Every structure is written in structure tokens, then in C-alpha cells.
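The values are calculated or read from the model by the stated rules, or taken from the named source; none is laboratory data. Owing to the predicted nature of the structure, the values given are computational and were not obtained by experimental measurement. Positions of Cβ are backbone-derived with ideal geometry, glycine not excepted, and every protein chain shown enters the neighbour counts. Note: areas computed on protein heavy atoms with side chains; ligands, DNA, RNA excluded. Shrake-Rupley method; radii C 1.70, N 1.55, O 1.52, S 1.80 Å.
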Amino acid sequence: MNQTQQTQESIDLCAANWVARMIDGGLNDAEHEALDAWLAQSHSHQQAFADANHALAMMDASLFPDDLNAAQRPIETDKQNTQIRPFTIIAGKGKKPPRPGIGKWAAIAMAACLLIALFSGRVLMGDPAMVWGADYRTAPGEIRTVTLDDGSNITLGPDSAIDVRFSEQERRIEILAGLVDFQAVPMENAGDRPFIVSTGDGIARALGTRFVIDKFDDYASISVLQHSVKVSLTKGAPPTKSLVLNPNEAVRYSRYSLEDIYPVNSDRVLSWQKGKLIFDRVALREVVAEFSRYQHGKILIANEAVARKLVSGVFDMSDPQIGLDLIATELSIRKVSITPLLTFLY
């Protein structure tokens, strides 16, 4: 997920929260002023709020078909113009009549507000570069092994994609998304061409044979299993910022930082190839990023406090929803699924 997608997700979540607060008892004068200011900041805020209202209307019609008249339903948008109108009515101070169990209904509505984003392609389509530009890719839950022209073997984890660019000077692979296990043929057996893997923010140059790269939204991790790999940043830091990883060593890096080396266990690094995920006090946001590769749709976390909760355990990924149920129970959080395409943790 690139920065634009992250920003859009943040906007969608904010719009969902505003709509949920409006139906869960309405807004006071100060909150209405804050909402008006947020809507005035950009057209994308207005469109997300309109989409949230529209999604709520669709869900409301199916759950409560008889108890709302047209004047009480969320305002719909002009799909040709995409401007919210009338703006003052959407941001107005009217309250919907209370319903039994409104707190639970509001939590469901927060997730329902993102359905329009799902069906408009913000979640399901993902990055077009990954969908249409990848030489090799896997579907959610799929693992695939490929032999490249030089004889190197690579194993793509679920929901992963790579672009292969071999030339007479080098063997270069770009990871567009996901998790990849590389078993590279050494340079001397490949016409002295280096084996280089890029994730956008950094590159890994194989000095040996086997390593695993895991690319997330805002960082990547590299684990070396055999021989060594040189890791260098390509953005946000001097070109000389690099280090060499030896067997059973790993490092995380982002656009701006190359973190300290830490030890890894090869069995744990490769557990995904046996359908397992192993976590030892890992933040829920990172666990969710891993789980998301095993199912279609989206898993969303309501707030930062929930996202920071730590998870430990071994999970069988043949059914990710069972694992999420276990995590929700252990962490004492709520899990709501709105169709198989959207799971909401709060």
C-alpha cells in the first residue's frame, strides 16, 4: 500500500467515525463545527463522508427497511457531479430517533461506512501496478514457487507480487507487494551478474544464496538464511547507508532508517510455507498486516490503543477468521465481520 492509499484509508476511517458518532446520539455544537471544518479541508473529505452516508443508507435499508422515512435517511450524493449537496444538510444538526442497542449498531455502522470503499475498488483492487504490472503474483492465501531464467528459485507468499528485470549487467527483482523467499544462483554461475532485490525504499544485494524479504506498507524486513546479503537504503538517507547481514540475522528498514540487526530463527522465518504464522509479542497492527494476506477484503483496526496490543501464539492460516477470533478473545477486544470482505476490530 502506497502513501496515497494510506491517506485514503485514514480519510475513510475518519469519515466512518463521524457518521457513527452522528447516529450514536448525534453531535453537539462544537462537534458540528469540527465536522464542518474537516469537510471543508478537501473534496476527498467530502466524498468520503458522502460515501459513508451512502453505505450506511444501503445497510440501513436492509436492516431497518420500515422505520425510516426519506427525510431521515442519510443524504445521497450526485454520482455524476460527486459534490456533496446540500452540504449544510449533511453537516446539519438533525438527530435520528434512537434505537435499542444503538452502541452495537454504531460499531457495525463504522464498518458499514467502508463498504462503499470496498466496492469502489479502494480495498479490493489494491495497487494497479501490482495487479497489472507484476510478472509473477499470488492470490490471498496462495503460495507459489517459480524458477527464473538464471536457475534461481523464488517462493512467493500469499498476496504477493514481483517484477523481474534481468539484463546483461544485473539480475534485478522489484517486490511490489508481499513476502518472498529467494534462493539465488551465485554470481559466478550467472555470468557475474549481481542478484539485486528492490522494495522501493531499499535494495538487497545477494552475496550468497538464500534470504527472505517481507514488504509491508511502511517498512520491510530482510532475513538471511544462507551466506550473506548487503542491504542499502535508496531514499531519505545517504547512499552509503548500508550493512551486511549474515546467516540467521535480520533487519528492518523504512524510507528513512535502517534499524539494528537482530537474530532470527530459520524455522520461524519460513513457517508461512507450512501454513503457519508465529508471533512473539508482536503489535496487533503487524499481525493484521500478515493475516490480511490470507483473505480477500480488509481487516481494519478502530484505534491506536487496539493496534498497539501485543499478540503471541502460533496460528493456522487455513482459516484466518478463526485466528482473529482467538486474538479478539485473548486481547479482550471486539470483532465484527460485515460480509466476508470486511472485518473490524475495536
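A few notes on this one:
- FRET efficiency estimate (nearest 0.05) - Cβ-Cβ, Glu188 to Ser337, R0 45 angstrom: 0.30
- Mean Cβ neighbour count within 10 Å, used as a protection proxy, ranking 254-261, 309-316, 172-179, 211-218 highest first: 172-179, 211-218, 309-316, 254-261
- Amide H contacts of Ile301: Leu345, each under 5 Å away and 5 or more positions distant or on a separate chain (H built 1.01 Å from N in the peptide plane; Pro and chain starts excluded).
- Sorting the segments 225-234, 43-52 by their residues' average number of neighbouring beta-carbon atoms within 10 angstrom, most packed first, yields 43-52, 225-234.
- Whether segment 180-295 is rounded, prolate or oblate, judged on the alpha carbon gyration tensor where a/c under 1.5 counts as rounded: oblate
- With the simple spin-label model, which puts each label point 7 Å out from Cα in the Cβ direction, the Asp150 to Ser44 separation comes to 3.8 nm.
- Relative contact order, percent, segment 269-346 [alpha-carbon distance under 8 Å, six or more residues apart]: 35 percent
- Segment 162-258 - percent relative contact order, Cα under 8 Å, separation 6 or more: 22 percent
- Dipole magnitude (debye, nearest 20) for segment 138-218, charges at Cβ of Lys, Arg, Asp, Glu: 180 debye
- Inter-probe distance in nm under a simple model that places probes 7 Å from Cα toward Cβ, at Val314 and Phe166: 3.8 nm
- Heavy-atom SASA rank of Trp38, Trp272 (probe 1.4 Å, accessible area, largest first): Trp38, Trp272
- Segment 253-339, accessible area per residue, ligands and nucleic acids excluded (1.4 Å, Å²): 54 Å²
- Euclidean distance of C-alpha centroids, segment 228-288 and segment 141-216, integer Å: 15 Å
- Packing here is the average count of other Cβ atoms within 10 Å per residue, and on that basis the peptides 300-307, 284-291, highest first, run 284-291, 300-307.
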